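Worksheet for the structure shown next.
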Amino acid sequence: MTTLVTGAGLIGCLTAEMLLASGEPVLLMDIRDEPPPHFDRKLSYARCDVTDRESVSDFVARHHVRQVVHTAAMLSTQARLRPFEAYQANTMGTACILEVARHHGLGRVVLASSTTVGYSTFETAGGPKVEEDFTLKVVSERPRSLYAASKLAGEHLGLLYSDLYGVDVVILRYGAVLGKGSNLPSSVPGRLLSILSEAGRNGTIADLSDPLYSWGGREEFVDARDCARANVCALSAAQPLHRIYNVATGQWYTLDQFVSAVRSIYPDLQVDLPSEIRTGFAGFPFLRPGPSDTSAATNELGFTSVYSFAETVAHCVT
């Protein structure tokens, strides 16, 4: 059974590598002409635009694809700069994958989403943990970023293709992803870690005055390797009744704790922090009320994060 992984970003490559290591036939597809520097040369790679339905359909038929892990997307900072392209890639790309799955009668389709879809509800959400089926006021609590809006749209498309057409969809909401790879500057947590580690290595002062890189309260983070493991678990889960799952560690951290974790690697790290922080992570207006509930992923997917926050930071910055 050949698995198609869309998106040769960090999580896509890690997912494909894990599938290959387990003996599964796997193909990695991306819009780039050449694979990224961190690409495992043992993997089969092909260029294809995920928004081109006919090309994707032909690709699936020619390579006898039977299941898909869809990670291809434009991340938050690039989405803000190129909104139309982000909509095309994130929303129409997801619609294209779902339609191709429907047309070819594919098996499991795993869609990569984000816990940012619920950030706008944090002011009214109860604790102690954020569940997948949160209450959302569709106007006043609408998504506050193009990235979150595109991911929420993708979730609804996935659920509708499951309800109406029987496509076997599983959706994974990653926490703020940290990983080691060339695509990190396009994500907020990746840029934050890059700013801190670069300052630590060079003996400069890390400037976190941009509200994207500072937050009040606490935020949760997850290792990209754990996200890839979650994708693999989601492909083979026998009864994914929830359909949507939080992928995180169940732990959350202050900005000071984040800085301290990097400082444990670079003891002389100096940081210029804003005097007062009123916003949550990545400039969202509300503070997180609790970490994400991960019990459904444990119970139904057999997935639990294995990397601690300290282990993740050490892996990423050294």
### Task
Rounded, prolate or oblate: pick one for the stretch 14-157, where a ≥ b ≥ c are the square roots of the eigenvalues of its C-alpha gyration tensor, a/c under 1.5 means rounded, and failing that, prolate if a/b is larger than b/c, else oblate.
prolate
### Message
Explain nothing, just the number: relative contact order of the chain, from Cα pairs under 8 Å at least 6 residues apart, as a whole percent.
### Response
19 percent
### Summary
The answer for the chain, accessible area per residue at 1.4 Å probe in Å², is 44 Å²
### Message
Take residue 295 and residue 194, extend 7 Å from each Cα along the Cα→Cβ direction, and tell me the distance between the two endpoints in nm.
### Response
3.9 nm
### Summary
Listed by chain and number, the residues whose amide H is under 5 Å from that of residue 286, excluding neighbours fewer than 5 places away on the same chain and using placed H, are 280
### Query
Hey, rough spin-label estimate for residue 257 and residue 103, points 7 angstrom out along Cα→Cβ, what's it come to in nanometres?
4.7 nm
### Accessible-area order (highest first, 1.4 angstrom probe) of the listed residues 74, 29
74, 29
### Query
Counting Lys +1, Arg +1, Asp -1, Glu -1, what net charge surrounds residue 81 among other residues with beta carbon under 15 Å of its beta carbon?
+1
### Message
Can you give the local net charge around residue 290? Use residues other than it whose beta-carbon is closer than 14 angstrom to its beta-carbon, Lys and Arg +1, Asp and Glu -1.
### Response
-3
### Query
Along the stretch 70-87, what does the Karplus equation 6.51 cos²θ - 1.76 cosθ + 1.60 (θ = phi - 60°) give for ³J(HN,Hα), rounded to whole Hz, x for Gly and Pro?
9, 10, 4, 5, 8, 7, 4, 5, 6, 4, 5, 7, 10, x, 5, 4, 5, 4
### Message
Between the stretch 150-210 and the stretch 28-47, what is the separation of their alpha carbon centroids in Å?
### Response
20 Å
### Listed residue (124, 175, 204) projecting farthest to the positive dipole end of the chain, Cβ model
175
## Note on the structure
The helix 146-165 Cα axis meets the longest alpha-carbon principal axis of the chain at an angle in degrees, between 0 and 90 and rounded to 10, of 30 degrees
## Note on the structure
Share of accessible surface on carbon and sulfur in the stretch 161-232, whole %, 1.4 Å probe and ligands ignored, is 49 percent
## Note on the structure
Rounded to the nearest 10 degrees, the helix 10-21 long axis (Cα) sits at an angle to the longest Cα principal axis of the chain of 50 degrees
### Summary
Net charge (Lys, Arg +1; Asp, Glu -1) of residues whose beta-carbon lies under 12 Å from that of residue 129, residue 129 excluded, is -3
### Query
If you take every DSSP beta bridge whose two residues both sit in the chain, what share of them, in percent to the nearest 5, is antiparallel?
5 percent
#### Entry: Degrees, to the nearest 10: 224-236 long Cα axis against longest axis of the chain
30 degrees
### Stretchable slack from residue 239 to residue 140, in nm (0.36 nm times residue separation minus alpha-carbon distance)
32.2 nm
### Task
Report, in whole Å, the centroid distance computed from the Cα atoms of the stretch 244-292 and the stretch 63-125.
26 Å
### Query
Given Cα pairs under 8 Å that are at least 6 residues apart, what percent is the relative contact order of the stretch 97-166?
41 percent
### Summary
Excluding ligands, DNA and RNA, the carbon-plus-sulfur percentage of the accessible area of the stretch 1-152 with a 1.4 Å probe reads 51 percent
## Note on the structure
Yeah, the stretch 15-81 with a ≥ b ≥ c from its alpha-carbon gyration tensor (a/c under 1.5 is rounded, else prolate when a/b outruns b/c, oblate otherwise) is oblate
### Task
Using amide H atoms built 1.01 Å from N in the peptide plane, name the residues 5+ places from residue 246, or on other chains, whose amide H lies under 5 Å from its own.
173, 297
### Summary
If amide H atoms are modeled at 1.01 Å from N in the peptide plane, then the residues at a separation of 5 or more from residue 167, or on another chain, having amide H under 5 Å from its own are 162
### Task
As a check on your grasp of the helix formula, calculate [θ] at 222 nm for the chain: sum -39500 (n - 2.57) over DSSP H runs of n ≥ 4, divide by the residue count, round to the nearest 500.
-10500 deg cm²/dmol
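For a test of understanding, tell me how many lysine pairs in the chain have Cα atoms under 27 Å apart, given they are 8 or more places apart or on different chains.
5
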### Query
Once a ≥ b ≥ c are taken as the square roots of the eigenvalues of the Cα gyration tensor of the chain, is the result rounded (a/c under 1.5), prolate (a/b larger than b/c) or oblate (a/b not larger than b/c)?
prolate
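Among 238-251, 89-102, how do they line up by average Cβ neighbours within 10 Å per residue, starting with the highest?
The packing order, highest mean first, is 89-102, 238-251.
The values are calculated or read from the model by the stated rules, or taken from the named source; none is laboratory data. Note that the structure is predicted; figures quoted are calculated from it, not measured. Quick reminder, even Gly has a Cβ in these numbers, built from the backbone with ideal geometry, and neighbours come from all protein chains shown. When the accessible area is computed, the model is the full protein with side chains, heavy atoms only, and any ligands, DNA or RNA have been set aside. Shrake-Rupley method; radii C 1.70, N 1.55, O 1.52, S 1.80 Å.
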